[in-house]
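Worksheet: one structure, shown below.
The values are calculated or read from the model by the stated rules, or taken from the named source; none is laboratory data. Please read all numbers here as calculations on a predicted model, not as lab measurements. Note: ideal-geometry Cβ built from the backbone for every residue, glycine included; neighbour counts use all protein chains shown.
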Amino acid sequence: MNANFGPAELQSALNVSRETLARLKTYVSLLEEWNVRHNLVSRQSLADVWRRHVYDSAQLCEFVPPAAVTLVDLGSGAGFPGLVLAILLADRPSFRTVLYEATGKKCEFLRHVADRLGVPVEVRNRRIEDTAAEPFDVVTARALAPLEKLLAYAQPFQGPRTVNLFLKGRSALSELTAARKIWRMQATQHPSRSDPSGVILAIRELSHAA
């Protein structure tokens, strides 16, 4: 745990604007306030919230293509990584972010934060399995499911240029090996900047294996 990693360290690592940092600070403040009543994230992780949640999510912004205009986050929970990315990408003209979350209280929190910050996001309170196919430029997820199952969730959101950005832990390589038995993909691994044991999987050209 690195409780010394805070807003200043995040700004130094990512070179975010003062306006964006102010929004992120408000987000964290609201998370701490709501977490007392609703247990949105583990209380232990809040002691290191800027590294474990905010920085972990924000690092994906580097891999969002410059031409991307739509992003869908699967199983958003308290907004990691989807709402963090929506805040960071808010200055892109007409950028559209959709957050899928099945738990009503978490959806209520996500809408409250987005309204408070003036960040345009659409929160969908439904199960991913129940949605119709809809292509997005970027698909994100964090700690949602093993990769084999996660790719099944992501498949309805694929378009011709979609990139899937998944935050994974030390089991990423074995999950990738298992997933390749069912899925065809172009996969690139990037080391996490927030967690020495973490990996960012960037997956393109996703389709079922023959």
Check your understanding: Just for region 23-41: of the residues that are loosely packed, with under 15 Cβ neighbours inside 10 Å and of a type in the set (V, I, T), which one is farthest from the chain's Cα centre (by Cα)?
Key -> V36
Review point. When residues of region 62-86 are filtered for being of a type outside the set (D, E) and more than 17 Å from C107 (Cβ to Cβ), how many remain?
Key: 10
Practice item. Check L206 against each of (1) surrounded by 15 or more Cβ atoms within 10 Å (Cβ to Cβ); (2) within 19 Å of S57 (Cβ to Cβ); (3) at pLDDT 95 or above and name the one condition it does not meet. Key: (2)
Exercise for review: Identify all residues within region 161-210 that are of a type in the set (A, V, I, L, M, F, W, C), touching a Leu at 6+ places or on another chain (Cβ under 9 Å) and assigned to a loop (DSSP other than H, G, I, E, B); write none if there are none.
Suggested key: I182
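Quick check, is V41 among the aliphatic types (A, V, I, L, M), in a helix (DSSP H, G or I) and modelled with pLDDT under 95?
Considered against the rule, which asks whether it is among the aliphatic types (A, V, I, L, M), in a helix (DSSP H, G or I) and modelled with pLDDT under 95, V41 comes out as no.
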